[in-house]
Amino acid sequence: MTSYADVRSWNSEALEGVAQAVRGRKEQILGLQDELDMSFGPLFWHGENATGARGALSGLRDRAEHIVAEAAHVQKALQDAADAVDDLRRQVEELETTARANRFTIGPDGSVHDDDPAAAADPDRPRTAQLLAERVGQVLGIAGEVDSRLAAALAAAAGGTVDDHGATTLADADVTTTADGKYHTGPPEKPTFTFDEDFAYDSADSELSDHLAKAKWLAQLRGAQALGLMPDATEMYEHYWANTGAPKEWDYEKAYKEDSGIRQSVDSEVTRAARAAEELIRSGRTDFSMTGAPSGAEPYPKTENWQKAVGGHQIWSHGDVKVEGNRVTMVVTVEGQDRYNFNRGQTDIATGASDNGNGRFTEIGWAKPFDTHGSMTKTITWELGHPPAGLTDGPAPDDGTVRGTDRDRGPTPDNPREPGRNRAR
């Protein structure tokens, strides 16, 4: 149990010193990569002993990779604890300054004592004492969390449960993960996505009414194309009717410029990535790659064009980070992933048309759902400690009607892309 006296004595510099010592030992191990690579023995060495030696070497390399991963894990935990202790010490100083200003003291056990008995009749003093006690409790709660997180990190390293993310070299094993577990150092790792599919392809026979419905939807498509409205949405719908199921790209930069909802979701992901980069920098990194986990893009697109072309989708990012002095440069790539299909029982946001009609074309085998993807890469810079709030790339979209040229496709008759669907599993 962490006491108030313990928190008073905590020293962030000592934790930082240990973190740097761990980093130094880790770098010594990283320097052994060439020796490990050259330790395979003569190429012409064959037989039982050769097989055994190479197996032992493989085990040694795997263990070295795990040691590097464990050292990186502990180094990051120590640095996080040092940062948290700095913040705790500031809170303690502010708390005790407030206590002295009101003629109270805080004991080693965290108890609050009134140093002005003559003021006991003041009706506000019990409330002041209560507020001080509550703040002491908050400090102790945070201290307990800091202590528990560091203890858990050390236990994981000691118990050999730290993941090396399938590393095949020592450098690849030098992985640092953010406290929330959503970003870590290393090359891009595309998440695995599983999407809902409410209408089974080619599972039903067509009827006369289906032919009439097809003629209606395609007439709406061609009419919209002639007007040059919502080119991205109709391009997707046209591809649906191509019936190939082939994946298709959307223009993420165009969407970012035209739709305030998409812009906000991209900016939010960039902000998360930049904050994660700052956290990884604090662990001693100055030149590294990082990759993140997916999340649902929020908010939903605002324009009908992008509601129907993309709608609710998954978003993730990866990037390369370099620190020079106090300047951070990050080449960040934002990726979006979705499935163009229709959801049983749902309706189009703009028109209220049921999804079931277009889903029926999938069941008949006339139109086929497909995976969609968008990607945009930007370079952002900021002063260390002040990560940006998005890309801030040009004026905000006005969410007006999106028109294309005569060669562009027009509006999709119906693809509502309702929020809450097609989430990554």
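Between M1 and D109, the contour length at 0.36 nm per residue exceeds the Cα-Cα span by 37.8 nm. According to the calculation over all Cα-Cα pairs in region 102-151, the P(r) per 10 Å bin from zero is 24, 42, 22, 10, 2 %. Using alpha carbons only, how many angstrom separate the centre of region 308-325 from the centre of region 63-105? Between the Cα centres of region 308-325 and region 63-105 lies a distance of 30 Å. Highest mobility in the GNM of the chain, judged by mean-square fluctuation with C-alpha springs under 10 Å and restricted to R149, R100, R23, is found for R100. Extent along the principal axes, Cα only, for region 118-182: 71, 22, 13 Å, with the longest axis given first. The convex hull drawn around the Cα atoms of region 309-390, when projected onto a plane and averaged over every direction, covers 7.3 nm².
Dividing the convex hull volume of the alpha-carbon atoms in region 239-343 by its residue count gives 111 Å³ per residue. Direction-averaged projected area, Cα convex hull, the chain: 31.8 nm², rounded to one decimal. Note on D180/L32: beta-carbon distance plugged into 1/(1 + (r/R0)^6) with R0 of 30 Å gives a FRET efficiency of 0.40. For region 168-197 versus region 121-136, the spacing of their alpha-carbon centroids is 48 Å. Springs join every pair of Cα atoms under 10 Å in this Gaussian network model of the chain, and among A255, A273, A389 the largest mean-square fluctuation is at A389. Across T192, T97, the residue with the most accessible area heads the list, and the full order at a 1.4 Å probe is T192, T97. Stretching the chain fully between R344 and D196 yields a gain of 52.3 nm (0.36 nm per residue, less the alpha carbon separation). Using the alpha carbons alone, the radius of gyration of region 241-300 stands to its Kirkwood radius in an Rg to Rh ratio of 1.13. If you plug the beta carbon distance of A158 and W241 into 1/(1 + (r/R0)^6) with R0 = 41 Å, you get a FRET efficiency near 0.10. Would you kindly calculate the translational diffusion coefficient of region 348-387, applying Stokes-Einstein with the Kirkwood radius from alpha carbon pairs, for 20 °C and a viscosity of 1.002 mPa s, and quote it in µm² s⁻¹ without decimals? Diffusion coefficient, whole number: 146 µm²/s. Note on A389 and R8: the model spin-label points, each 7 Å out from Cα along the C-beta direction, lie 4.0 nm apart. Remark: spin-label model distance N326-A219 equals 6.8 nm, labels positioned 7 Å along the Cα→Cβ axis. Among the listed pairs K190/K378; K216/K254; K248/K302, a Cα-Cα separation exceeding 24 Å is found for K216/K254. The calculated 222 nm mean residue ellipticity attributable to helices in the chain amounts to -15500 deg cm²/dmol, summing -39500 (n - 2.57) over DSSP H runs of n ≥ 4 and dividing by all residues. Derived from the Cα gyration tensor, the three semi-axes of the equivalent ellipsoid of region 190-307 are 39, 19, 11 Å, largest first. Projected label points at H373 and E249, each 7 Å from Cα along the beta carbon direction, are separated by 1.0 nanometres.
When the Cα convex hull of region 131-277 is projected onto planes of every orientation, the mean area is 17.8 nm².
Of V22, V332, the order by accessible heavy-atom surface (1.4 Å probe, DNA, RNA and ligands excluded), from most exposed downward, is V22, V332.
The values are calculated or read from the model by the stated rules, or taken from the named source; none is laboratory data. On a predicted model such as this, the values are computed, not experimentally measured, just so you know. Every residue, glycine among them, receives a Cβ derived from its backbone with ideal geometry; neighbour counts consider all protein chains shown. Heads up: the accessible areas ignore ligands, DNA and RNA and are worked out on the full protein's heavy atoms, side chains in. Shrake-Rupley method; radii C 1.70, N 1.55, O 1.52, S 1.80 Å.
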